[in-house]
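Q: Here it is: the structure, laid out below.
The values are calculated or read from the model by the stated rules, or taken from the named source; none is laboratory data. Not measured: the values here are computed from a predicted model. Glycine also receives a Cβ, built like all others from the backbone with ideal geometry; neighbour counts cover every protein chain displayed. Areas reflect the complete protein model, heavy atoms only, side chains present, ligands, DNA and RNA absent. Shrake-Rupley method; radii C 1.70, N 1.55, O 1.52, S 1.80 Å.
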Amino acid sequence: MLKLGSRGDNLTPHHLPSNAYMKAKIKGYTTNQGIAIMMEHLSPGKGGRHRQTLSYGKSPDLTLSPRQTLAQEVWDIRSIYLGQGLYNADIRKGLQELIQLNKTTWSTFFD
């Protein structure tokens, strides 16, 4: 995992698909192999965007296929940014890159 940010910057990596899902589905998977975006972790009264995600602190739905899980989690991030009036071309591009990086890194997993 590429180390981004610094202590106290209020950013944290959000893995898509979640680490819990990937660990359950891929033998030998480690957090450092995960694909993530940086998200705000804390916000007064709101809990931060990272904590608003569907997968934060929850067990994954292992009945979903990898493609379904990735699509659901990307849609969730998009919805959070849309709801806060922050979704723009840069976030869209970042999510597209995240999808492509997952497909490249785990090629047979997302077939």
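Q: Considering only residues of the range 76-94 that are in a helix (DSSP H, G or I) and more than 15 Å from residue 39 (Cβ to Cβ), which is least open to solvent (accessible area, probe 1.4 Å)?
A: Here the residue is 89.
Q: In the set 107, 55, which member is open to solvent by less than 40 Å² (accessible area, probe 1.4 Å), at pLDDT below 95 and either small (Gly, Ala, Ser) or part of a helix (DSSP H, G or I) (or both)?
A: Exactly one of 107, 55 is open to solvent by less than 40 Å² (accessible area, probe 1.4 Å), at pLDDT below 95 and either small (Gly, Ala, Ser) or part of a helix (DSSP H, G or I) (or both), namely 55.
Q: If you don't mind, another one. Would you confirm, using the coordinates I've provided, whether residue 81 is within 17 Å of residue 13 (Cα to Cα) and out of contact with any Leu (no Cβ under 8 Å at 6 or more places or on another chain)?
A: It is true that residue 81 is within 17 Å of residue 13 (Cα to Cα) and out of contact with any Leu (no Cβ under 8 Å at 6 or more places or on another chain).
Q: Separate question: Give just the number: which of (1) hydroxyl-bearing (Ser, Thr, Tyr); (2) touching an Asp or Glu at 6+ places or on another chain (Cβ under 6 Å); (3) more than 22 Å from residue 30 (Cα to Cα) does residue 79 not satisfy?
A: Of everything listed in (1) hydroxyl-bearing (Ser, Thr, Tyr); (2) touching an Asp or Glu at 6+ places or on another chain (Cβ under 6 Å); (3) more than 22 Å from residue 30 (Cα to Cα), residue 79 misses just condition (2).
Q: Within the range 42-57, is there a residue that is within 17 Å of residue 109 (Cα to Cα) and touching an Asp or Glu at 6+ places or on another chain (Cβ under 9 Å)?
A: no
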